Amino acid sequence: MFWRPERLVQFEHWVGHIPFAFWLIGAARPRTLVELGTHRGNSYCAFCQAISRFDFDCRTYAVDTWQGDMHMGFQEGLLEELRAHHDDRYGAFSSLLQMTFDEALARFQPGTIDLLHIDGTHTYESVKHDFESWLPLLSSRAVVLFHDINVHRENYGVWRLWEELKEAYPSFDFLHSYGLGVLGVGKNLPPRVATLFESNSELAATVRNLFSVLGERLTAGLRSEAFEKEAGALRSEACALRSAVNDQEVQKQALRDQNAAQLQALQSEINAGKRDLEARFASDNAQLRAAAESARLQKDSVERALHEKNVQLEEMHRKFLEVQRRSFAAIREINEARESFRVAEAKAHNLEQDMVKVVEEGASAQRRATEATELLRQIENSTFWKASFPLRRALASQSPAARRRARRLLRLAWWTITLKLPSKLSEWRAVQRALATGAVAEAPLPAALAAPCIAAAPLPDFFEIKTMPRSGRIAVVVHLYYEDLWPEICAALGAIEESFDLFVSVQSAASERIVNDIKSFYPLAKVLRFENRGRDVLPFVALINSGVLFNYELVCKVHTKRSLHREDGDQWRNSLLVGVLGSNAHAERIARAFDTDPDLGVVVAQGQIYGSRQEHWVDNRSRVIELGGRIGLDEVASGTTFPGGSMFWIRPFLLRSIAGLALTPNDFEPEPLGIDGTTGHAVERLIGLVCRDAGMRIEEASSLGGSYPVIDTSSARADIVNPDMIAYYLPQFHPTDENDKWWGTGFTEWANVTRSKPLYQHHRQPRLPADLGFYDLRIPEVRERQAALARQYGISAFCYYYYWFDGRRMLHRPIDEMLASGRPDFPFLICWANEPWSRNWDGGNREVLMPQSYEIGWVERFAADIAPMLRDPRYYRFNGRPVLLIYRIMHIPNREAAFDQLRKSLKQHGVDDIYLCANWVGFADEELCPDNPHKLGLDHYVGFAPHRTAAAQINDVVRNLVPEFDGKVYSYESAVQNAIESFKASSEYLHPCAMMGWDNTARRLHRSHSFHGATPAKFRRWLRNLVVQEQGSVHGSQSMIFINAWNEWAEGTYLEPDRDFGHGWLEAVASASGIQPLRRSGSSAV
């Protein structure tokens, strides 16, 4: 690898890797070598030179058209120039194949190529095609080289393919000289090559540095040679130029003399010509004045004609507008007439039915009257009636009370005569016993008045739409109850110019004709059949619950609203449609507004923000609060608004809370429905409550303005820097010897999570994971997936809890494997969890399992232990300084001296100037931290909610609290409000922290503490306020916000996807930061 290359032409792209090429030939000793893309031949001749020097049996092939490409340019004569060097030296074992890569495939047998170098066209598609085409020809000991893996310019995609391949094969990469990737494809790699792939990070860095230095030496030599040649050429050119300058001076003097004579003669000619021109100018000037006057007259004539034409055009335009107005009015009148005819026809039909019923009832009443008359006649003619006449006359003269007593006695007498008295007495005794025991319920409504309890029909199958690829960032949801309005809806959808996915719900009995009509305009539309229940809201909720709408950035919802209870129903529908889909510019303006304003939640048509009047709530409040209690919305605050008409644009994040309601079809009332007070009306209003809860706004489309810059908010503006979002990370989810001993074999935190049960109404327990499942942190793919999710949604770093007890480490395996493997490539820092481990899970001193004693020399031992982590290039730095957190700062004796010694010890281990912070916590058995961290030798405090977070206790407010509960229930809403206000007042020395609720029921059961009512919407409001405050106070410098936590499942605060809100907690982080997670990853949310 220290040889001087025999061929080193002026094209330095590959020169820096020639020393590694020499080493690789000796290490791999390939039997067959193929290079795809040889160009000038620096790399290929280096391979051939090494094979010749090592003198072993090998056949080599260079495949190229030698005509150039989009990256190297197009040149002629390359092959001839290369053959002049190559053929005599290497022709015995090397062949230059002038053809395309695909044409060369047929020349090789499968499994024969030991070393393949791919350096052709560098687009992602081309290099991927080359690799996949030649892969079957590679042997069991094959190695593949990829050049330019460190080039990220336009039309260069080698780096992207390399990122994919190195996840599947052993690999090693060099970043100098545009980057070279070494991929171990074979199963039986040469030992020395396999050792390269298995090298640890320190050895790998040494290897990279060695070959970088050797390569740079060659590159510098090549550049020096080029500069020397260029300098020689310039020197020769300078000498020639000096000689030419001397000759030119002699010529210039002769020319000066000649020019002087010529100038004198020319001056005489010029004077004569000047006199002639002046005479001609005078004549031409008169002609020009005459032409100008003629042109002026023509201009006046043309202007008069244009004015007349403009007047005619204006008159024609006025007539056109009048005709258009009359046409539109006629169309409206025709539509109104059609609707009036339809309504009249329906009324006539109903009247006809009513008349039939009236006639039938009249006939029935006539029959009953005839029967009653006949019965009365029989009674009056009966002997009993005649005999009882004196009794009736006597009763008529009595008081009403006496008459009632007499009727009762007569009834008893009648029951006695007809032998019914025993059964009546039995019924009376049964009623008395029921009343005595409280078993008699309130009398039910008459059957005619009671709402029928009808089970809902099953929902359609959503499997296909759950797995469908999305066409764009917008989902449009249409409920098509009135099929005849499809043309109107279809025309309105034309306002959306960018690609979108269409979901249409129709009645179960909808005709195939309407389905075909929809498909004819939108072939990829998903048409779903629903029972006519819940009107447009149930299908929308069903789509929300399926998860498909969370794969989009925006959702537009419309439906065929007729509102037959209103005289202006059609006009209302038209204004709603025009308000959200009025034109291409209108729809684009709405989409751009969402792009530029992270606090914009819902957009409605003009005049469709409801809630300001009491009648909007009076018949709906109880159902809203009944359902809202499931998602922490147990009151309707003053000023709450909601989108009216059920047509709007919305961010799917807000629909996470609607999904959290877990509504089923049976939650929706069957038809016929009232105009208010139903589940559908409650959901419509809850969308407004959720929007307010998330700290977002509902805006009318007309108020959005006319100009919004098209920007990608995933890239922050230069003058506004998003704070770094750092999530606490619990490395507990894997078995350890200590946990096996203390809690039972195989114990992890998942054992606590799955045993939890709800303790009061709407208590969200157990908390169960979704996407990642009950994972094991010993599995590298789990850690990679966690980092990918964090990166996608805007998490900047993981803060691992580090458990260190006077030199004994616990729960360290995930961190150790992350350090050793270099994966995931994601920023991290540590928080020393310096509290005793106890059986009560709260760091108290009851039944201590692992004490924290701070023995003599602990500082030096601790510094030596953590220094390798702090030196890792992935370790998170704040303004260039590695950040170290300590959980319980007041638990440490002689704190100031200890921290001074810690800084010194870390410097001795190569870690300079740490940024030392402590968590802002409080414990009953410790004094509180002083307000100024500098008094303790610290740089700053870091929040750790729920510690020192004020919240209202609501044990007496929550319903159905189990009797044995001996813990505390707090209001998450009050915690959010108090945390926002308190941080405004005390942020000088505190990096803030937010939490997704807190609930350690899984650990402490009936003695637990929980924050009730936490949702992604409330969490987003908390976090958004912190982001805005940080952006306003740090003025462009780096800032941090901590989140408790990434995966504290047993304490009920985690960002990872769960079964209640899916990716909602992560989406709250992205929304608060103003980024679009679906643009940062090709994956879909769930």
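Listing for the model above:
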{"read-out": "Count of the range 1019-1051 residues which are more than 30 Å from VAL782 (Cβ to Cβ) and of a type in the set (Asp, Glu)", "value": "1"}
{"read-out": "Criterion violated by LYS904 - all others in (1) modelled with pLDDT of 95 or more; (2) of a type in the set (D, E, K, R); (3) surrounded by fewer than 14 Cβ atoms within 10 Å (Cβ to Cβ); (4) under 40 Å from the mean Cα position of the chain (by Cα) satisfied", "value": "(4)"}
{"read-out": "Members of the range 844-884 found to be small (Gly, Ala, Ser), out of contact with any Ser or Thr (no Cβ under 7 Å at 6 or more places or on another chain) and in contact (Cβ under 8 Å) with a residue 40 or more places away in the chain, listed by number", "value": "SER853, ALA864, ALA867"}
{"read-out": "So LEU105, is it in the same structural domain as GLU35 (by TED's automatic domain parsing) and either touching a Gly at 6+ places or on another chain (Cβ under 9 Å) or under 25 Å from ARG7 (Cβ atoms) (or both)", "value": "no"}
{"read-out": "Boolean, ARG589 is surrounded by fewer than 18 Cβ atoms within 10 Å (Cβ to Cβ), basic (Lys, Arg) and over 17 Å from the mean Cα position of the chain (by Cα)", "value": "no"}
{"read-out": "Unique match (being over 21 Å from GLY677 (Cβ atoms), modelled with pLDDT of 95 or more and of a type outside the set (Val, Ile, Thr)) among GLY607, GLY601, GLY639, GLY632", "value": "GLY601"}
{"read-out": "Test: residue in the range 123-146 that is under 37 Å from the mean Cα position of the chain (by Cα) and more than 30 Å from TRP66 (Cα to Cα)", "value": "no"}
{"read-out": "Helices (runs of 4 or more DSSP H) contained entirely in the range 123-204, each with at least 2 residues that are assigned by TED's automatic domain parsing to the domain that holds ALA28 and in contact with a Leu (Cβ under 7 Å, 6 or more places away or on another chain)", "value": "124-134"}
{"read-out": "Only one of LEU663, LEU627, LEU689 that is under 22 Å from LEU480 (Cα atoms) and either part of a helix (DSSP H, G or I) or hydrophobic (A, V, I, L, M, F, W, C) (or both)", "value": "LEU663"}
{"read-out": "Total residues in the range 527-562, condition surrounded by fewer than 19 Cβ atoms within 10 Å (Cβ to Cβ), of a type in the set (D, E, K, R) and under 22 Å from PRO458 (Cβ atoms)", "value": "1"}
{"read-out": "Residue satisfying condition, being in contact with a Cys (Cβ under 9 Å, 6 or more places away or on another chain), buried (at least 20 other Cβ atoms within 10 Å of the Cβ), without any contact (Cβ under 8 Å) to a residue 60 or more places away in the chain and of a type in the set (Gly, Ala, Ser), within set ALA979, ALA994", "value": "ALA979"}
{"read-out": "Qualifying residue in the range 248-256 (condition: touching an Asp or Glu at 6+ places or on another chain (Cβ under 8 Å), hydrophobic (A, V, I, L, M, F, W, C) and surrounded by 10 or more Cβ atoms within 10 Å (Cβ to Cβ))", "value": "no"}
{"read-out": "Filtered residue count, the range 471-497, keeping only those that are part of a loop (DSSP other than H, G, I, E, B) and either under 26 Å from ASN545 (Cβ atoms) or at pLDDT 95 or above (or both)", "value": "6"}
{"read-out": "Residue match in the range 596-603 (condition: free of Cβ contacts under 8 Å to residues at least 24 places away in the same chain and either surrounded by 17 or more Cβ atoms within 10 Å (Cβ to Cβ) or in a loop (DSSP other than H, G, I, E, B) (or both))", "value": "yes"}
{"read-out": "Top-ranked residue in the range 755-782 [being at pLDDT 95 or above and part of a helix (DSSP H, G or I); ranked as surrounded by the fewest Cβ atoms within 10 Å (Cβ to Cβ)]", "value": "GLU781"}
{"read-out": "The range 683-701 residues that are touching a residue at least 60 places away in the same chain (Cβ under 8 Å), paired with ones that are part of a helix (DSSP H, G or I) and basic (Lys, Arg) (beta carbon under 6 Å, 6 or more apart)", "value": "ASP693/LYS1018; ALA694/ARG1020; ALA694/ARG1021; GLY695/ARG1021; GLY695/ARG1024"}
{"read-out": "Matching residues, the range 693-706, being surrounded by 22 or more Cβ atoms within 10 Å (Cβ to Cβ) and not in a loop (DSSP other than H, G, I, E, B)", "value": "ASP693, ILE698, ALA701"}
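Residue-by-condition table, conditions (1) more than 30 Å from ASP568 (Cα to Cα); (2) at pLDDT below 75:
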site: GLN253; (1), (2): yes, no
site: ASP257; (1), (2): yes, no
site: PHE281; (1), (2): yes, yes
site: ALA295; (1), (2): yes, yes
site: ASP300; (1), (2): yes, no
site: GLU308; (1), (2): yes, no
site: ALA329; (1), (2): no, yes
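Conditions (1) modelled with pLDDT of 95 or more; (2) of a type outside the set (Phe, Trp, Tyr); (3) at positive phi, marked per residue:
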residue: TRP14; (1), (2), (3): no, no, no
residue: ALA27; (1), (2), (3): no, yes, no
residue: SER43; (1), (2), (3): no, yes, no
residue: PHE56; (1), (2), (3): no, no, no
residue: ARG59; (1), (2), (3): yes, yes, no
residue: VAL63; (1), (2), (3): yes, yes, no
residue: ASP88; (1), (2), (3): no, yes, no
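The values are calculated or read from the model by the stated rules, or taken from the named source; none is laboratory data. What you see is a predicted model; the values in this text were computed from it and never measured. With ideal geometry, Cβ positions are generated from the backbone for all residues, glycine too; neighbour counts draw on all protein chains shown.
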